[in-house]
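Novice: Supplied in structure tokens, the structure appears directly below.
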Amino acid sequence: MTMETMEQAVAAQPQRADWVIDQGWEHYTAQEHAVWKTLFERQTALLPERACDEFVAGMRALPIGADQIPDFRALSEVLMRHTGWQVVAVPGLVPDEVFFEHLANRRFPAGQFIRRADQLDYLQEPDIFHDVFGHVPMLMNPVIADYIQAYGEGGLKAQKLGVLDQLARVYWYTVEFGLVQQGDGLRIYGAGIASSHSESLFAVDDPSPNRIGFDLQRVMRTRYRIDDFQESYFVIPSFDALLDLAKIDFAPLYEAVRGQPELEPGTVLPSDRVLVRGTGAYHRARRGAGA
Ligand code: HBI
Ligand code: FE
């Protein structure tokens, strides 16, 4: 999320400094549970051939099903046993430092609300479907569990150094929009893809986007789109790559990246390890239409 969207989104005053609210599970309406069911069934039909094995395994082991919006108490109980994480409810986007503080302490702040039935495909703030369906299954994996905690710690440091944009890109192109090489092809592990029907199809099956081998400094320089599908996805060879990333001291890298130009989302460099060179057709058509 950009700083601009953040400032608009977090205008309301929270009751608590950590922004945590009660999920109030008992108060979800039948219509809200029905929206969850629609989204859940649509994504579940799509993901077996597209999501990575870890995502599918995490989903199976959690109390997440079609019929009801999940209860954070039940999710946290299972997560705590596996990887020491909890899910806490927040109203929507929270300020960066609040977000990082939660992650650094292995608490995942999840939107309490669910999108309306007429907004199934697009919304600006992370709701319970994005956060729980997209993120929580991956938190069952020990490598991702440590990586996201490290991001929280790294975020607190990056804020002090004034290099949050660079770090946020790493989060964006891994936790939110990451692809992983697995068996016979490229699979989804990023929550922004896994929780989106249209982007799951686009990221895996469409000839338009680039799929480029993940390179940390390259990603730190690459801007991203928050309002449309990504033009490039970055591919890790396996989750061991994230294990290594979680241990890296980013401070010298921020220095190295500072002197280099920023890259537009669709740029392909001669030095890139290109797995799939996209046609770019989708975004070219969008720009042609004045978007
Ligand atoms: N708050 N609830 C919520 N979810 C996010 O993903 C989130 C946030 N606040 C800040 C934020 N993300 C990003 O801007 C940081 O990762 C940089
Ligand atoms: Fe997210």
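The values are calculated or read from the model by the stated rules, or taken from the named source; none is laboratory data. All values derive from a computational prediction rather than experimental measurement. Because the Cβ atoms are built from the backbone with ideal geometry, glycine has one as well, and the counts that use them run over all protein chains shown. In case anyone asks, the SASA skips ligands and DNA or RNA and just uses the protein heavy atoms, side chains included. Shrake-Rupley method; radii C 1.70, N 1.55, O 1.52, S 1.80 Å.
Novice: Put THR83, THR38 in order of accessible area, largest first, 1.4 Å probe: what do you get?
Specialist: Order by accessible area, largest first: THR38, THR83.
Novice: Can you pull the accessible area of MET59 for me, 1.4 Å probe, Å² to the nearest 10?
Specialist: 30 Å²
Novice: Between GLN217 and ALA30, what length in nm is gained on full extension when 0.36 nm per residue of separation is reduced by their alpha carbon distance?
Specialist: 62.6 nm
Novice: Something else about it: What number comes out for the charge environment of ALA61, summing +1 per Lys or Arg and -1 per Asp or Glu over other residues with Cβ under 11 Å away?
Specialist: +1
Novice: Which stretch or stretches of segment 192-217 have amide N atoms under 15 Å from the point lying 7 Å from ILE21's Cα along the Cα→Cβ direction?
Specialist: none
Novice: Show the residues, 5+ positions off or on another chain, whose built amide H is closer than 5 Å to the amide H of TYR233.
Specialist: The list, which skips near neighbours in sequence, is ASN210, ARG211, ILE212.
Novice: Hey, if we sort ASP67, ASP131, ASP205, ASP18 by accessible area with the 1.4 Å probe, largest down, what's the order?
Specialist: Ranking ASP67, ASP131, ASP205, ASP18 by accessible area, largest first, yields ASP67, ASP205, ASP18, ASP131.
Novice: Let me ask another. Lysines near LYS247 by alpha-carbon distance under 17 Å, same-chain residues fewer than 8 away left out - which ones?
Specialist: Within the straight-line cut-off, LYS247 pairs with LYS157.
Novice: Could you work out [θ]222 nm for the chain from helices alone, using -39500 (n - 2.57) per DSSP H run of at least four and dividing by all its residues? Round to the nearest 500 deg cm²/dmol.
Specialist: -12500 deg cm²/dmol
Novice: Kirkwood-based Rg over Rh for the chain (C-alpha set), two decimals?
Specialist: Ratio of gyration radius to Kirkwood radius: 0.94.
Novice: Oh, and also: Whole-Hz ³J(HN,Hα) for each residue in segment 267-277, computed from phi via Karplus 6.51 cos²θ - 1.76 cosθ + 1.60 with θ = phi - 60°, x for glycine and proline: what do you get?
Specialist: 5, 10, 9, x, 7, 5, 8, 8, 8, 9, 7
Novice: Using θ = phi - 60° and the Karplus form 6.51 cos²θ - 1.76 cosθ + 1.60, what ³J(HN,Hα) does each residue of segment 243-260 get, whole Hz, x for Gly and Pro?
Specialist: Listing the rounded values in order: 4, 5, 4, 5, 9, 5, 7, 6, 3, x, 5, 4, 4, 4, 6, 4, x, 9 Hz.
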